[in-house]
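Accompanying notes for the structure given below.
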Amino acid sequence: MTDQELISLLEAHGVRVTANRLLIVRALDAAGRPLSMTELEDALESVDKSVVFRSLQQFRETGLVHVLEDSANGTRYELCHSHGTHDDDLHVHFYCERCHRTFCLEDVPVPTVAVPSGFTLHTSSHLLRGICPDCR
C-alpha cells in the first residue's frame, strides 16, 4: 500500500496519524504476514519498544490490526483492511512448525461455525499448522 493508503487506513479506524504509527503500519503491511511484537521491533530499530507496544494496543482497540495467537511464539499482529464494525477481512492462517512463521491464506475464508443458542460470536480464527513450501 502507498503511504497515503496507509494514512487513510489509520484515519478510517480513528487513529491519529503520527510518524511512528505510520512506520509501524508500513512495516506490518510490508511484511505480508502476521508479525510478533519482537519481529516488529526488530524491523523498526529506530522506534522505541514502548511506542510499538502502545501503538499496537491502540490498533487492537480500534480494530486496525487482527490479533492471533499461534500458540508457539505468542501473539501476532496483521493489518485489518476492513473499515467498519463488521470485519470482512477474516481468513485462515498457517503456522510453519519448522521456520516458525505465520502466513495469511487470504483466499481461504474462515469456515462458518454455528454456535449454540445463547452464545454471541464476535470473531473467529482458524490456524492451520504444518510445514510451509519454503521449508518443505
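Details
- Using 0.36 nm per residue and subtracting the Cα-Cα separation, the extra length available between Arg129 and Glu11 on full extension is 39.0 nm.
- If the chain linking Thr18 and Met1 were pulled fully straight, counting 0.36 nm for each residue of separation and taking away their Cα-Cα distance, it would gain 4.4 nm.
- Modelled FRET efficiency - R0 22 Å, His91 with Arg60, Cβ distances, 0.05 increments: 0.75
- Candidates Asp42, Asp107, Asp29: whichever shows maximal mean-square fluctuation once the chain is modelled as a Gaussian network with Cα springs under 10 Å: Asp107
- Listed candidates (i) 127; (ii) 106; (iii) 98 - label of the one calculated as volume of the Cα convex hull per residue in Å³: (i)
- Mean separation of Cα contacts under 8 Å, 6 or more apart, over the residue count of segment 1-122: relative contact order %: 21
No lab work stands behind these numbers, since they all come straight from the coordinates. What you see is a predicted model, and the numbers here were worked out from it, not measured in a lab. Neighbour counts run over all protein chains shown; Cβ positions are idealised from the backbone, glycine included.
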